[in-house]
1. How large is log10 I(q)/I(0) at q = 0.15 Å⁻¹ when the Debye formula is applied to the Cα atoms of segment 9-156, each weighted equally and without solvent?
2. Can you figure out the FRET efficiency of residue 102 with residue 23, using R₀ = 41 Å and their beta-carbon distance, to the nearest 0.05?
3. Taking the Cα atoms only, what angle lies between the long axis of helix 3-31 and the longest principal axis of the chain, rounded to 10 degrees?
4. Given the peptides 85-91, 8-14, arrange them by the average over their residues of other C-beta atoms within 10 Å, most packed first.
5. Output the 0 to 90 degree angle, nearest 10, between the alpha-carbon long axis of helix 37-63 and the longest principal axis computed from the alpha carbons of the chain.
6. Given contacts defined as C-alpha pairs under 8 Å and at least six residues apart, what's the relative contact order of segment 9-156, whole-number percent?
């Protein structure tokens, strides 16, 4: 081997080492961002959605006054600002016997039953992402109670 060939050998060796490192980093990045990280985000988003929905249902159920009381009740409900970096909506189901969370990502969303007394005649309104909601229980014109869900005006950011 000539002197020139021996001088090139360390440079070629280092270039091969650098190439192997770049390939390794590319393979790990592709694996993580192609499968592991999105799957973890989906699972976390689904869990946050489930917890928010369960918390919202518990707050609605706790807002209904005991039998024999006709007082109007207003209760603030703390909700996440967003789920999986997107807005969402919580509204009563078609029969008013459940709360439904809708979200644009398929891994987030669902429904949870509402356990309300028979004197609750209607559940209406909705909450949208923004961090705050209000549940209001008031007398129904035909007797019984109505539960109204609305966004918290103060959570909308009026500067206060």
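1. Results for segment 9-156 at q = 0.15 Å⁻¹ read -0.77.
2. On the way: r = 43 Å, r/R0 = 1.05.
It comes to 0.45.
3. 10 degrees
4. 85-91, 8-14
5. Rounded to the nearest ten degrees, it is 10.
6. 23 percent
Only the coordinates and a few stated rules stand behind these numbers; no lab work does. These figures come from a predicted structure and were not determined experimentally. We place every Cβ from the backbone using ideal geometry, glycine too, and count neighbours over all the protein chains shown.
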